[in-house]
Amino acid sequence: MASDARPEPPAPEKAAVPFEVELENVERVVAALERGDLSLEDSIRLFESGHRSLSRCYQILDGAQKRIEILAGASGWLPYSPAEGPAGPAGNAESDSSTESGTAARDSNRGFKE
């Protein structure tokens with residue numbers, strides 16, 4: 001009766017969903033919510049699913065950015081320190097004050113827009 005047994009769930013390391021899958025889920029959620037044909041309860045459930053996927057996308061992107069900064073910094077490839085960003089240190093007369101740092105810009109875009 002081993003064929004009727006459910007398989008063991010994978011270890012947490014193997015259970016990670018790829019970025020592309022999470023992003024596709026966000027896109028599906030947005031499309032479904034924009035159609036407007038769901039009940040309120042279904043819309044809320046779907047929104048929660050999309051929000052979890054979007055949060056996971058940001059986690060994956062943050063991890064990728066840190067890995068790139070470590071690799072590029074170790075090789076001396078980056079022409080700036082990750083803390084300064086490409087525009088230079090804050091308050092530097094040569095830096096473009098109209099440009100937000102990557103982290104600040106990313107954080108400000110995490111909310112949903114109407």
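Of note:
- Screening region 59-76 for residues that are at pLDDT 85 or above and among the polar types (S, T, N, Q) and picking the one that is nearest to Val17 (Cα to Cα) gives Gln59.
- Selection within region 53-73 - within 11 Å of the chain's Cα centre (by Cα), surrounded by 14 or more Cβ atoms within 10 Å (Cβ to Cβ) and not β-branched (Val, Ile, Thr): Ser53, Leu54, Arg56, Cys57, Tyr58, Gln65
- Filtering region 52-69 to residues that are under 15 Å from Glu27 (Cα atoms) and of a type in the set (A, V, I, L, M, F, W, C) leaves Leu54, Cys57.
The values are calculated or read from the model by the stated rules, or taken from the named source; none is laboratory data. Model, not experiment: these values are computed from the prediction. Please note: Cβ atoms are built from the backbone with ideal geometry, for glycine as well, and neighbour counts cover all protein chains shown.
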